[in-house]
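Student: Quick one: the structure is below, and I'll ask about it shortly.
Read-outs throughout are calculated quantities, based only on the coordinates presented, and are distinct from any laboratory measurement. The shown structure was predicted, so the numbers you read here are calculated from the model rather than taken from an experiment. Cβ coordinates were reconstructed from backbone atoms using ideal geometry, including for glycine residues, and neighbour counts include every protein chain displayed.
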Ligand code: 13P
Ligand code: SF4
C-alpha cells in the first residue's frame, strides 16, 4: 500500500487543491476500468461525474450487469453492499465507509431474527435499505419502485412480514389491502417533514403539486398529489403538466429534476426543525474529494464473507427476477 495512505489513512489525505477533480475522476474511470454508480441523493457534483445515476432498483440492476472491473459506489453502505453481493469477485469501493442509513440501523439482526421466529408462517419481504445480515434472513428484497408489485405477486392469503420501514409498509398495506406485519423502523430524513409547514406551503403555492416518497409518514402522504420512488418522482415531474412542485424527499433529487425541466420550479418540502435541512447526513458524507481519493487508492473496499454473500444474494436475485418479469 502507498506509504502515505498507510501512515495517514485515506480519509486524511486531501487531494491537491489545484487538481481538476472532474477530469481526474474521468481519467481514473478509464484507466482502471471503473464504473461510477451514484444515487440521486448524492451531491450534484458527484451526480455530474457518474456513469449511472439512479434509485435503489436501478443501481442494483446496473451493478448486476456491469462488465467494469471495479465498482465505485457513490451512495450508502447497504447499496455498495448490494453491489458486492451481486459481484462477489469484483472490487466494490465506497468513498466513506461510515455512510450508513438510519433505516438499516433501525433493524438489528438478532432482534429481527427473534421477530421472524414469532411469525413462523410468514414470508419476509424486506426493503433493500437494510444490512446484508437482514437480507440473509429475508425471502424477497424489494425497493420503492417494485414493492407494490412484489407484494401483489404473492397469494392474497399469504402472511407477510414487511421490514424495516413502517411507513412504506403502512403505505403498501393501504395500497394492496393486505395486513402485513410491520417492523417498526423508519428513515430519519423522510420522517422529518413538517405536516403544518407543507400544508402552509401548499396554500402559498396553490399551483404547485406536492410529490412525496413512500418513506414519509402517512399524514404527509395523505397530502401528496403523487407518491413514488425517487425515479418515479423524477419521471412524474418530466411528464406532468404542472410547472411547480413541492418535493417530499431528500434534496439531492432536485438536481436531476431541475436539469430535466429547467423551466419548472422545485421547492424542497420543509422539515420540522429550524435548520431547514432535509439532506441525508449519511449520503452527504461522500464528497468529490473523497471520491477521487477512493478511486486513486482503491480504498476503502466493501468486504463480506462468502457465506453472507451467498445467503443475502438469494432474496436480491429473486427481486431482480421478479422485476424483469414486471418489465421494470
Ligand atoms: P429510492 O431511491 O429507491 O426511492 O430510495 C430512497 C432512499 O431513501 C434511498 O436511501
Ligand atoms: Fe437511509 Fe433515509 Fe438516508 Fe435513504 S435517506 S440512506 S433511507 S437515512
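Student: Given segment 202-328, what whole percent of its Cα pairs are spread farther than 25 Å?
Tutor: Result: 47 percent of Cα pairs exceed 25 Å.
Student: How many percent of DSSP beta bridges within the chain run antiparallel, rounded to 5?
Tutor: Around 5 percent of the beta bridges assigned by DSSP in the chain are antiparallel ones.
Student: Follow-up question, since we're still on this one. Determine the equivalent ellipsoid of the chain by diagonalising the alpha-carbon gyration tensor, then write out the semi-axes as square roots of 5 times the eigenvalues, largest first, rounded to whole Å.
Tutor: 31, 27, 17
Student: For the pair residue 305/residue 244, report the inter-label distance in nm, with labels modelled 7 Å from Cα in the Cβ direction.
Tutor: In this crude label model, residue 305 to residue 244 measures out at 5.7 nm.
Student: May I ask you to order 166-174, 293-301 by the average number of other C-beta atoms within 10 Å around their residues, highest value first?
Tutor: 166-174, 293-301
Student: Let me ask something else about it. Compute the length gained on full extension between residue 265 and residue 199: take 0.36 nm times their separation in residues and subtract their Cα-Cα distance, giving the result in nm to one decimal.
Tutor: 22.0 nm
Student: In addition: Relative contact order for segment 143-229: what percent, with Cα pairs under 8 Å and sequence separation of 6 or more?
Tutor: 28 percent
Student: What is the mean projected area of the alpha carbon convex hull for segment 110-241, to one decimal in square nanometres?
Tutor: Over every viewing direction, the Cα hull of segment 110-241 projects on average to 8.8 nm².
Student: Given Cα pairs under 8 Å that are at least 6 residues apart, what percent is the relative contact order of segment 111-256?
Tutor: Here the relative contact order equals 18 percent.
Student: How much length, in nm to one decimal, is gained on full extension between residue 184 and residue 114, taken as 0.36 nm per residue of separation minus their Cα-Cα distance?
Tutor: Stretched out fully, the residue 184 to residue 114 stretch lengthens by 23.8 nm.
Student: Report the gain in length on full extension from residue 325 to residue 27: 0.36 nm times residue separation, minus Cα-Cα distance, nm rounded to one decimal.
Tutor: Difference between extended and current length: 103.5 nm.
Student: Based on the mean of other beta carbon atoms within 10 Å per residue, what is the order of 21-33, 133-145, 252-264, most packed first?
Tutor: Highest to lowest by the protection proxy: 133-145, 252-264, 21-33.
Student: I would also like to ask the following. Please report, to two decimal places, log10 I(q)/I(0) for segment 36-85 at q = 0.15, 0.23 Å⁻¹ as given by the Debye formula with identical point scatterers on the Cα atoms and no solvent.
Tutor: Result of the Debye calculation: -0.31, -0.75.
Student: Explain nothing, just the number: relative contact order of the chain, from Cα pairs under 8 Å at least 6 residues apart, as a whole percent.
Tutor: 23 percent
Student: Scattering from the C-alpha atoms of segment 1-127 alone, worked out with Debye: what is log10 I(q)/I(0) at q = 0.14 1/Å?
Tutor: Scattering profile of segment 1-127, log10 relative to I(0): -0.74.
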